[in-house]
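One structure is given here, and the rest of the page talks about it.
The values are calculated or read from the model by the stated rules, or taken from the named source; none is laboratory data. Keep in mind the model is a prediction, meaning the values are calculated, not measured. Because the Cβ atoms are built from the backbone with ideal geometry, glycine has one as well, and the counts that use them run over all protein chains shown. Just the protein is used for accessible areas: all its heavy atoms, side chains included, with ligands, DNA and RNA removed. Shrake-Rupley method; radii C 1.70, N 1.55, O 1.52, S 1.80 Å.
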Amino acid sequence: MEMVLLTALGVGGATLFGSVIGFVFKKISHRFSDIVLAFAAGVMLAAAVLGLIIPSVDYGTETFGTGLGIVMTLAGIFAGALCLNLIDKVVPHLHKMIGADIEPHGNTSLSKVLLFVTAIGIHNLPEGIAAGVGFGSGDTSQALLIAGGIALQNIPEGMVIIGPMLSAGVTPKKTFVCAMITGLVEVVGTLLGYFAVSIASAILPFALAFAGGTMLYVISDEMIPETHAHGSERGATYSLLVGFCLMLVSDVLLK
């Protein structure tokens, strides 16, 4: 349990770390942000497949048989993706809000900025759940790799929320508090995911696949479009591959 709590704090703290960078470097280039985010996308992609979806198939087929096990995994993947899709319809996320509606300028509407921060907070909950569910498999090293991938993604996310809020006239202190709240949401999600699979181990195959589906959705719907939107798509593509391969090597070495 201590390891889970420390991981939860680490995942949530990554957002705060990114926000500190955002305060120090208020004008972070799109290219740098895209490269970092693409690397995180590669790590998350490997974590979703190697740490969540494949274990979901293994546990499902072992517990319920091949047919039902595969069905549970597929159902979990699509359930996770559809859950985030539903959230997106209610509260759009980064690549839909960093644009005409949320550009850092003096007359930015405070209500739009708060919606922007709320969107990140809401999206952080299923990401935190994914980190917590990873511990349900009993493979601590794999769970830490998954959490590490999510934490990497949270750093550039924390970086980009600072500029719009400061430009909207929010004080640095309140801006930091908002960033901290988005990180705390992820801590709560991590603990929820861990306790859910601990209480009902029968749902583990579905829960692992659900978490994997949410990560695949975030990568495809948000991270890749964002990293390819500013002319750095080639560098972002190779950065994603580096992140994926690093995760693959780490997974092999830690087994």
Legend entry - Solvent-accessible ranking of His230, His123, His30, largest area first, probe 1.4 Å: His30, His230, His123
Inset, instruction - Starting from the exponent 0.38 and prefactor 2.2 Å, build the expected Rg for the range 1-74 from its residue count and divide its actual Cα Rg by it. - result: 1.61
Inset, instruction - Using only protein heavy atoms and a 1.4 Å probe, report how much of Ile87 is accessible, in Å² to the nearest 10. - result: 30 Å²
Inset, instruction - Give me the Debye-computed log₁₀ of I(q)/I(0) at q = 0.12, 0.16, 0.17, 0.23 Å⁻¹ for the range 149-255, equal point scatterers on Cα only, no solvent, two decimals. - result: -0.62, -1.01, -1.09, -1.29
Inset, instruction - Please arrange Arg234, Arg31 by accessible surface area, largest first, computed with a 1.4 Å probe and ligands excluded. - result: Arg234, Arg31
Inset, instruction - Skip the ligands, DNA and RNA, and give the accessible area per residue of the range 167-247 with a 1.4 Å probe, whole Å². - result: 46 Å²
Inset, instruction - Roll a 1.4 angstrom probe over the protein heavy atoms and tell me the percent of accessible area of the range 166-255 that is carbon or sulfur. - result: 74 percent
Legend entry - Environment charge of Leu37, counting only residues whose C-beta is closer than 9 Å and scoring Lys/Arg +1, Asp/Glu -1: -3
Legend entry - Size-normalised alpha-carbon gyration radius of the range 200-242, reference 2.2 N^0.38 Å: 1.60
Legend entry - Summed residue charge, Cβ within 10 Å of Leu145's Cβ, Lys/Arg positive, Asp/Glu negative: -2
